[in-house]
Amino acid sequence: MTDIIKTETMDQPDAFYKELLTSTISEGYPKYLQENLLKSMEKRAVLLLKKRAKTPQNSNILDLSEVEETLDQISMAIENEEEAIKYFERNEFHKSYKYSAVFYVDNIDVDLINSLQEREEVIDFFDSEQYHDISSGDHRVTKPTNYFIGNVMMFKFSKVLTGFIPGSGVKKQIKYPIIGVYFKKMNVLEIRLDSTRPMFRQSELFYEEQINLVLDWFEENLKCNFRKINFPPIIEYIKTHKQNEVVVDAQSMCFKNGSKAVLENGINENYVLPLLGELKELIKVNQDTFDKSPEIKKLIETFITETETLSDLPWVTLVWKSDKTKVKFKFGATDDDYTILQYYGRQSDMEKMNDVTKYIIENQEELNQISESKSESVRELALDNRVV
């Protein structure tokens with residue numbers, strides 16, 4: 001297990017930390033993200049990637065125009081430019097992540113955060129005397145770095161993961177960030193984390209364990225109480241009422257007879273799932289024909305309804321039509337387990353993740369209003385009956 005790195009002092013990044021960052025980007029960042037980071041730093045005059053006819057105002061800017069390989073450019077930027085290190089660490093707040101889990105949470109007390117900062121238990125990213133994140137060993141989280149944007153508070157927990165390359169046994173270490181995003185207006189805490197290679201994962205429940213560690217930190221240090229969000233009825237509501245905005249791309253089904261099936265849209269641009277979706281489409285397209293055979297129509301509709309309502313759904317993948325954002329919702333095995341969201345495809349920044357979270361909460365509120373309205377109608381009907 002990796003020991004805690006510089007947990008008591010915030011000296012400038014040493015050789016180990018710089019090597020850790022380089023290894024992290026090499027292992028975890030696709031080349032297009034590496035290139036995007038370098039180009040962004042060039043725009044901010046952190047470094048120079050191409051020779052220019054006009055000399056930059058900052059004559060001390062790091063010149064990497066003679067360096068050909070992307071990873072070599074990153075390595076040299078980390079080695080020679082402290083601002084590059086700060087830029088990479090800032091990007092860890094703003095980038096998108098592969099997985100997330102969303103919870104309702106009581107109001108977080110800002111005074112407690114301030115108190116933790118005063119005791120140096122939380123690092124303020126914008127503090128000029130703080131040079132880099134604090135990274136902890138594999139089995140705990142420690143001193144997060146916070147970063148506030150308006151009503152969104154973010155806490156980054158940086159861990160050091162250690163693995164050995166299969167076959168050669170060569171030791172590798174990476175910096176692994178886990179982001180806790182608190183949406184103040186929604187009273188929601190979202191834990192975000194990335195996928196990592198199997199050699200860095202100590203167990204099959206690696207991602208769940210990281211989420212639980214961060215939840216424990218919030219509970220212990222910020223006295224938070226969490227409520228699990230019940231995703232299945234929200235997803236069902238979206239599937240039924242928001243088809244113009246969001247459609248099902250795939251879903252796993254466990255039928256009442258014990259059989260299982262995975263239904264995938266594939267390359268179907270109309271987002272029609274095989275079997276059940278195709279049967280619905282068949283009835284819709286041939287409405288007049290089925291109206292002439294009501295018994296057959298009823299048999300098929302009953303089959304579809306019973307299959308959908310009596311089958312367990314371990315997971316469902318939704319696609320947002322507007323920007324093709326694709327998210328898999330992996331439901332917990334029991335009522336006490338939380339849902340894990342898995343994002344597919346290229347994700348450039350956190351905005352799409354924020355949009356998905358807000359969309360889920362908005363639809364939860366709509367569903368709550370409908371339930372309350374129905375409950376009120378039942379109460380009024382009961383009172384009317386008593387009067388009669």
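No value in this document is a laboratory result; all are computed from the given coordinates. Bear in mind the structure is a predicted one, so any value in this text is a computation, not a measurement. Because the Cβ atoms are built from the backbone with ideal geometry, glycine has one as well, and the counts that use them run over all protein chains shown.
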- Normalising by the residue count of segment 146-201, find the relative contact order in percent from Cα pairs under 8 Å and 6+ residues apart. 33
- Message: A 21 angstrom limit on the alpha carbon distance is what I want to check against. Which of LYS159/LYS328; LYS95/LYS159; LYS98/LYS352; LYS156/LYS352 exceed it?
- Response: LYS159/LYS328
- Where does the charge balance sit around GLY150 when Lys and Arg score +1, Asp and Glu -1, over other residues with C-beta under 10 Å from its C-beta? +2
- Principal axes first, then extents: for the Cα atoms of segment 15-227, list largest minus smallest coordinate on each axis, whole Å, largest first. 57, 47, 28
- Task: Taking a cut-off of 19 Å between Cα atoms, list the aspartates and glutamates near LYS284, but don't count ones fewer than 8 places away on the same chain.
- Result: GLU269, GLU295, GLU301, GLU306, GLU308
- Query: Which of the lysines could a cross-linker span from LYS51 if the Cα-Cα distance has to be under 17 Å and same-chain partners fewer than 8 positions apart are dropped?
  - Reply: LYS39, LYS43
- Give me the net charge of ASP194's neighbourhood, meaning all other residues with Cβ under 10 Å from the Cβ of ASP194; Lys, Arg count +1, Asp, Glu -1. +2
